[in-house]
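Beneath this line is the structure, given in structure tokens, with notes to follow.
The values are calculated or read from the model by the stated rules, or taken from the named source; none is laboratory data. Predicted model, so just to flag it, every value in this text is computed and none were measured. Every residue, glycine among them, receives a Cβ derived from its backbone with ideal geometry; neighbour counts consider all protein chains shown. Heavy atoms of the whole protein, side chains included, go into the accessibility calculation; ligands, DNA and RNA do not. Shrake-Rupley method; radii C 1.70, N 1.55, O 1.52, S 1.80 Å.
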Amino acid sequence: MTGIETVLLRVAGTAAGTLVKSLLARAPGAGLAADPARPAPRWRKPPAELGDSEMRRLTETLAARLGPECAALPEHERLAALDAVGDGFAALGALDAGALFAADLDPTALAATLPPPPAGLAPASEALYGRLVRLCCAHAVEYVTTLPGFGARADVELVRRTGELARAVDRLDATGDGAAYAFEERYAEYVARTHGRLQLFGLTLSRSRREWPLDVAYISLAVSDEQRLPGDPELHRTQVRAEQALASADRVLLRGPAGSGKSTLVQWLALNAARQTDGPWSTCVPFVLRLRSFTASGDLPLPEDFLHAGAVPLSAPPGWVEDLMLSGRALVLVDGVDEVPQRLRARTETWLRSLVAAYPKARYVVTTRPSAVPEDWLAGLGFATRTMQPMERKDVRAFIGHWHAAARAQGQEVDAYEASLLTAVASRRDLARLATNPLMCALLCALNQDRRMQLPRARKELYDAALDMLLVRRDTEREISGVEGVYLTREEQIALLQRFAYWLIRNGQVEVGRDEAAAMVGEWLESMPQVGAQGGAEQVFAHLLIRSGVLLEPAPGSVVFVHRTFQDYLGAKAAVESRDFGLLVKNAHEDTWDDVVRMAVGHARPTNAPACCAAC
């Protein structure tokens, strides 16, 4: 893109902004419905927005003023047209300044967002429907532009759109290529849709809605920020919000224990970069690379393979990713170093070193559990180390509020549960010790509702109760049984899931192909004839995947536990029941076994405890 084209675009943006502002400054109203023959309806108490009842009243008023156009229709056809208009606006939702800004204050554009007239209307009724929709849209824009505060809202909208236009110009100037710019816009939309939703544990049990907007579910957590003050050789650590700490460095190693929210934070960074939100990522293009996806193949991706490696079904223009890496506009989000087997971790470090050496201007965020690598693992490459901190009381309250807000959006009555849990975590020290990260808080929220506000007091009891809720009570209370032609008791499900979890741990994996998982289930069924009689390996595995709530298929053909903590918990139970204490001791130094060994101590009987403690 030439400099002249850039200047022209900027001038066009400024001119458009001035024009829009002059149009919005007209008061009162926009003059769009100024028809002396059909004056706008008057409201006794002007509403702040035009909802269902207001739009139906407006429809009836305008229909009555059309005169001959309505009088010629039979009454039932006239009423059918009016009902169709009212239903159309009800489906659209309340009309306020935000809704009209989305249509650029254009009545025609607003009318185009309504559903088509329902089937079965007579031709004359369809014509009346179209006429009334157009009139209602014109009057809606006219009315909303007269509301107090509309001018201020319009100024805010103008600033926002001008900023978006300026950022678009910057991106277009940075790409220097119209095709690359068009693909970048398409990719940003894909990332925003893909990473803009989050599975919120405990709210997916009804299966009516599996994911929630990240804006609803996300809370900002604290991380440690390490700095050296001028003239002071000591390292000073403070706590800051995660977004602030990550924005202060181009390369960050983010450490945090299981369930602390590292992967969710990666999603948040990707979403904000894709949305071009104001801040350090406003011109960045995010690439999310989950390291667990490369464990089986053993191949770590080069930039030209980033989209394929991230399971993005889009084809970029040749050299697009490399250009972003070279220019410094790429934000490379590498999630889960701890999910790479230790024997392959040196290879991961070599890969990161190669990327940084070849593309030093790109921005990098790498996440890991603390036990997986030393604190200064990437310090030689200029990576600043940040550590996720336990949730504070205000964070716990915020999470509980977000979780229950999402439950309300699902139509659940949860006010009493929310109030009870807030009181419990504030007054019970045992719960306060458990509620230290988002995963544990989500477990508490789900179990508080499931168990009618009777919460467990220890971590092991918490996991046992969660598994009981997922494997048994969810379907039992909803009277669901044998949906896939298979019925498994709690013990049978636990037995299969334990073996699966233990196999993953022993093989240093957190993800496996679906076909391989089903094949393993087939082998285990040989010792479970009562289950094998109900169906084949694929049928039984499908039941576990669909009904248990513990397994997840993040991409077609691959299977993981819904959270690594459940894998470690079930694997530890399998190790204890198999009396594999020697194996626990042998692998106690491996970071991938760290939580497994700790949980095995909780599972062990008194006679087994000394062996498990030796592993610790």
>> Checking the condition small (Gly, Ala, Ser), modelled with pLDDT under 85 and more than 30 Å from Glu538 (Cα to Cα), which residue from Ala442, Ala424, Ala419 passes?
In response: Ala442
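Yes/no matrix, rows are residues, columns are (1) surrounded by 14 or more Cβ atoms within 10 Å (Cβ to Cβ); (2) part of a helix (DSSP H, G or I); (3) β-branched (Val, Ile, Thr); (4) modelled with pLDDT under 85:
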{"residue": "Ala518", "(1), (2), (3), (4)": "yes, yes, no, no"}
{"residue": "Pro554", "(1), (2), (3), (4)": "yes, no, no, yes"}
{"residue": "Asp568", "(1), (2), (3), (4)": "yes, yes, no, no"}
{"residue": "His589", "(1), (2), (3), (4)": "no, no, no, yes"}
{"residue": "Asp595", "(1), (2), (3), (4)": "yes, yes, no, yes"}
{"residue": "Arg605", "(1), (2), (3), (4)": "no, no, no, yes"}
> For segment 355-377, which residues satisfy the criterion of being closer than 19 Å to Gln342 by Cα and not in a loop (DSSP other than H, G, I, E, B)?
Replying inline: Val366, Thr367, Thr368
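Please work out if Val531 is crowded, with 23+ Cβ neighbours inside 10 Å and outside any strand (DSSP E or B).
no
On the basis of being more than 24 Å from Val223 (Cβ to Cβ), free of Cβ contacts under 8 Å to residues at least 24 places away in the same chain and buried (at least 16 other Cβ atoms within 10 Å of the Cβ), does Ala309 make the cut?
yes
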> Under the condition of being of a type in the set (Lys, Arg) and open to solvent by 30 Å² or more (accessible area, probe 1.4 Å), which residue from segment 319-358 is farthest from Arg506 (Cα to Cα)?
Replying inline: Arg353
> Would you pick out the residues in segment 85-104 that are more than 16 Å from Met55 (Cα to Cα) and either touching a Lys or Arg at 6+ places or on another chain (Cβ under 9 Å) or crowded, with 20+ Cβ neighbours inside 10 Å (or both)?
Replying inline: Gly98, Phe101
> Does Thr368 satisfy being open to solvent by 10 Å² or more (accessible area, probe 1.4 Å), hydroxyl-bearing (Ser, Thr, Tyr) and in contact (Cβ under 8 Å) with a residue 60 or more places away in the chain?
Replying inline: no
>> Looking at segment 317-343 only, could you name the residues that are in contact (Cβ under 8 Å) with a residue 60 or more places away in the chain and assigned to a helix (DSSP H, G or I)?
In response: Trp320, Asp323, Ser327, Asp338, Glu339, Gln342, Arg343
> Would it be correct to say that Pro374 is open to solvent by 50 Å² or more (accessible area, probe 1.4 Å), touching a residue at least 24 places away in the same chain (Cβ under 8 Å) and closer than 28 Å to His589 by Cα?
Replying inline: no
> Between residues in segment 239-254 that are open to solvent by 50 Å² or more (accessible area, probe 1.4 Å) and residues that are of a type in the set (A, V, I, L, M), which pairs lie under 6 Å by C-beta distance while being six or more apart or on different chains?
Replying inline: Gln239/Ala222
>> I need the full set of residues from segment 105-142 which are open to solvent by less than 20 Å² (accessible area, probe 1.4 Å), within 17 Å of Glu49 (Cα to Cα) and touching a residue at least 60 places away in the same chain (Cβ under 8 Å), in order please.
In response: Cys136, Ala138, His139, Ala140, Val141
>> Looking only at residues that are over 20 Å from Glu375 (Cα atoms), open to solvent by 50 Å² or more (accessible area, probe 1.4 Å) and not aliphatic (A, V, I, L, M) in segment 212-231, which one is modelled with the highest pLDDT?
In response: Asp215
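Yes or no: Leu32 at pLDDT 85 or above and in a loop (DSSP other than H, G, I, E, B)?
Numbers: at pLDDT 85 or above: no; in a loop (DSSP other than H, G, I, E, B): yes.
Taking the combined requirement at face value, the residue does not satisfy it.
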> Of these, Ala458, Ala398, Ala435, Ala409, which one is modelled with pLDDT under 85 and under 21 Å from Pro213 (Cβ atoms)?
Replying inline: Ala409
> If you go through segment 411-419 one residue at a time, do you hit one that is out of contact with any Cys (no Cβ under 6 Å at 6 or more places or on another chain) and closer than 16 Å to Ala242 by Cα?
Replying inline: no
> Do we find a residue being farther than 19 Å from Val144 by Cα and either part of a loop (DSSP other than H, G, I, E, B) or touching a strand residue (DSSP E or B) at 6+ places or on another chain (Cβ under 7 Å) (or both) anywhere in segment 73-91?
Replying inline: yes
> Within segment 278-290, can one find any residue that is over 27 Å from Glu590 (Cβ atoms), part of a helix (DSSP H, G or I) and touching a residue at least 12 places away in the same chain (Cβ under 8 Å)?
Replying inline: no
> Limited to segment 269-313, what total is found for residues that are at pLDDT 80 or above, of a type in the set (A, V, I, L, M), under 25 Å from Gly557 (Cβ atoms) and over 17 Å from the mean Cα position of the chain (by Cα)?
Replying inline: 5
> Can you name every residue in segment 160-206 that is in a helix (DSSP H, G or I) and at pLDDT below 60?
Replying inline: Ala168, Arg171, Leu172, Asp173, Ala174, Thr175
> Can you pull out the helices (runs of 4 or more DSSP H) entirely within segment 378-471 that have at least 1 residues that are in contact (Cβ under 8 Å) with a residue 60 or more places away in the chain and surrounded by 20 or more Cβ atoms within 10 Å (Cβ to Cβ)?
Replying inline: 393-409, 438-450, 459-468
